[in-house]
Structure formats: C-alpha cells, structure tokens
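Below is one structure; the comments refer to it alone.
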Amino acid sequence: MLATALGGFAAAWPLAASASVSADVLKQTRGAAHDPDWPCIQRKVPELSVAAVWQGPPVDDALEHWQEDDEVAELVGELSSRRVPVDDAKKEVEGFAADLDAGEKAAKLTLLFAGLFQTLDRERGELIVGIERYARKQVAAAEDIRARQSALSDLVATDPQGAALMTEQLVTETRIFNERRESLSFVCETPIIVEQRLFELARAIQAEISKTVP
C-alpha cells in the first residue's frame, strides 16, 4: 500500500507542485519588484487624500472635531458599515440633511463627511496591511512546499513511511495554497470596495450641501 501511495504521488505531485509553487507564482505572490509585499494588480495607494473624494467646504477643523458631535458620530458608524447597502446609506444621508436647519446644514454635513473619510480610510488601510500579511504568508508557504518537495525524493529511499506522511501533508498544503491563491482577486478588491463607498457617500453629502447654496 505504501508503494502504491508513493507511486501515485510520484505521478501526480510534480505536476501539481510545479503548477502551484513555480517561480512565476512566487513572483506573482510577492507582487511588483518595488513593493514585494503587495500581491495585487491594483496599484497600492496606502492612504487616500481628501482632495481625491471631496470638493465641498474645508474639512481640516471637521476632521479634528466630528467625534464630538454624538449624532454625527453615531451616523458615521452606521453609514461606514458595509452591511448597509450604499443606496440605503445615501438615503440616510438625504434624511439626515432634510432634518437639519439651513444654518447648520453645511457644517453638520461636513462633519459627517470628515467622520466617514477618517473611518473608511482607516478601514481601507487595515485591509491593505492584511493583504500584505496574507501575501507574506503565501510566499512562506510556497517556499516551504518547494523545499519539502526537494527533500521528499531523498526521504523515499531512507524512510518510506515518513515519505508517505509527507506526501499527504504536501498534497493538503498545496490544495490550501491554491485555494488561497484563487481567492486573491477577491481579497484585492476589498480596499477598492471601501474606496468606492466613500466616494459615493461623499458625492451624496456634497449634493445635499449644494442645495443650501442660493
């Protein structure tokens, strides 16, 4: 049975391993040469700028004080959650704006944007750090699989039972590696999803502010 297992592995493993942890895959997992921890095809932008998403009133003061407004802080927590569909969040912005007095509308809505910007930019930054950590683990896993694959041929001659055990482990680890590699495209989209949410909400807030301009 051991011989059969090793024989089956010898036929199947080299192809699977070479497809899974080749030099090209390692290069892809490491990302671009200038940033070896970034595995995504999307350009890495560690932080967003206010100017990229906001053409409304100045926000410097609002960025410092939005958390002091309990109503705004509560709404920021709700609107920043991805559990709330963007269209529903935009309707909440409209409802919030409709209940404000004309004299305070621009200031309150600017506070709301400031809170959303800080909250979503921080979440996006945490996602980027997580992707880099994910990529480092994939690189380490790929290199470990390759090293153990190289050692397996010697182990077959000296410790057949150990070779059979390593065979099973490598097959499992290669499957896990491939599953994680296949999920990379989705993982890389998550910062963009957060960025798009911020852009949509910023646009909705600015639309409400513009209604107050004579």
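Run the reach check for Lys91 against lysines, Cα to Cα strictly under 30 Å, same-chain hits fewer than 8 apart removed. What comes back?
Hits, sequence-local ones excluded: Lys105, Lys108, Lys211.
Across the range 53-189, how large is the tail of the calculated P(r) beyond 21 Å, expressed as a percent of all Cα pairs? Intermediate results must be reported in sequence, preceding the final value.
Numbers: 5652 of 9316 pairs.
In whole percent, the share of Cα-Cα pairs in the range 53-189 beyond 21 Å is 61.
For Arg148 and Asp99, calculate 0.36 nm times their separation in residues minus their Cα-Cα distance, and state this gained length in nm to one decimal.
Working: separation 49, 0.36 × 49 = 17.64 nm, distance 6.51 nm.
Length gained between Arg148 and Asp99: 11.1 nm.
Read the figures in this text as sums done on the coordinates, not as results from a lab. Note that this is a predicted model, so its numbers are computed, not measured.
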